[in-house]
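**Student:** Next up is a structure, given as structure tokens.
The values are calculated or read from the model by the stated rules, or taken from the named source; none is laboratory data. Keep in mind that this is a model prediction, so the values were computed, not measured. Cβ placement follows ideal geometry from the backbone for every residue including glycine, while neighbour counts extend to all protein chains displayed. What goes into the accessible areas is simple: the full protein's heavy atoms, side chains included, and nothing from ligands, DNA or RNA. Shrake-Rupley method; radii C 1.70, N 1.55, O 1.52, S 1.80 Å.
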Amino acid sequence: MRKVQALLTNKIKAVVFDCDGVMFDTADVNRRYYNQLLAGFNKPPLTEPQFVKVHMFSVKDAIAYLFPEREDLTDVFAHMKGLAYGEFISHMVIEPGLKDFLDSLKERMFIRAVATNRTNTMAEVLKTFDLEHRFESVVTAADVKNPKPAPDQLLKIMDHFKLAPREILFIGDSAFDQMAADKAGTVFVAFNNPSLKADFYFNSMADIKAMLNINQ
């Protein structure tokens, strides 16, 4: 097992992070936000299956999923602007050890990137938590033709830095992350989700740091 791990990790040049569920615990925040949106249209709160879906989807796809009865979603998106997601961001919980891990990656000359199905909220999230300068690349659903589970975000990072697929370690927590990694051919870490098909399974940033042989 250690030989297999070494063969995989010794080639890694870039570490790519999903946002929700990996960099941050956003479960409560996202649930509150979408429930408030649904209430504005007299719809019931998210069911658990709905919550699992919107956690993975881009905003555009989440809204289409939650409002299947509407062909025109203009008023829904207009209502969303009035909810000011920025008010919710401060309640996101940053993953313990994330900043330390990111700083250690820089010291070891790893490329640090984000691949997320968030869109216009990602910049504010990074600013709020002092993470703007800690990534060489941030690719959202707005930056590619197809969001995850398509591999477009990972392929964009790969192309920009001229990397081979197995030179990227992608850390994700959802089935969409797994599918994107499979299609892009990257090394995949399942974070806090043992049900996924992955090269590695970890529950903390410290464990991933140790796996990459990054000293304290």
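**Student:** Would you call ASN42 in a loop (DSSP other than H, G, I, E, B) and either touching a residue at least 60 places away in the same chain (Cβ under 8 Å) or out of contact with any Gly (no Cβ under 9 Å at 6 or more places or on another chain) (or both)?
**Tutor:** yes
**Student:** Can you run down the residue pairs with Cβ atoms below 7 Å, 6 or more apart or on separate chains, where the first is in region 158-170 and within 25 Å of GLY21 (Cα to Cα) and the partner is open to solvent by 50 Å² or more (accessible area, probe 1.4 Å) and not in a helix (DSSP H, G or I)?
**Tutor:** Filtered contacts from region 158-170: ARG166/LYS11; GLU167/LYS11; GLU167/LYS13.
**Student:** Could you name every one of the helices (runs of 4 or more DSSP H) located completely within region 112-205 that has at least 3 residues being over 14 Å from the mean Cα position of the chain (by Cα) and either surrounded by 22 or more Cβ atoms within 10 Å (Cβ to Cβ) or modelled with pLDDT of 95 or more (or both)?
**Tutor:** 152-161, 175-184
**Student:** Identify the single condition in (1) in contact with a Leu (Cβ under 7 Å, 6 or more places away or on another chain); (2) buried (at least 21 other Cβ atoms within 10 Å of the Cβ); (3) modelled with pLDDT of 95 or more that VAL22 does not satisfy, given that it satisfies every other one.
**Tutor:** Unmet condition: (1).
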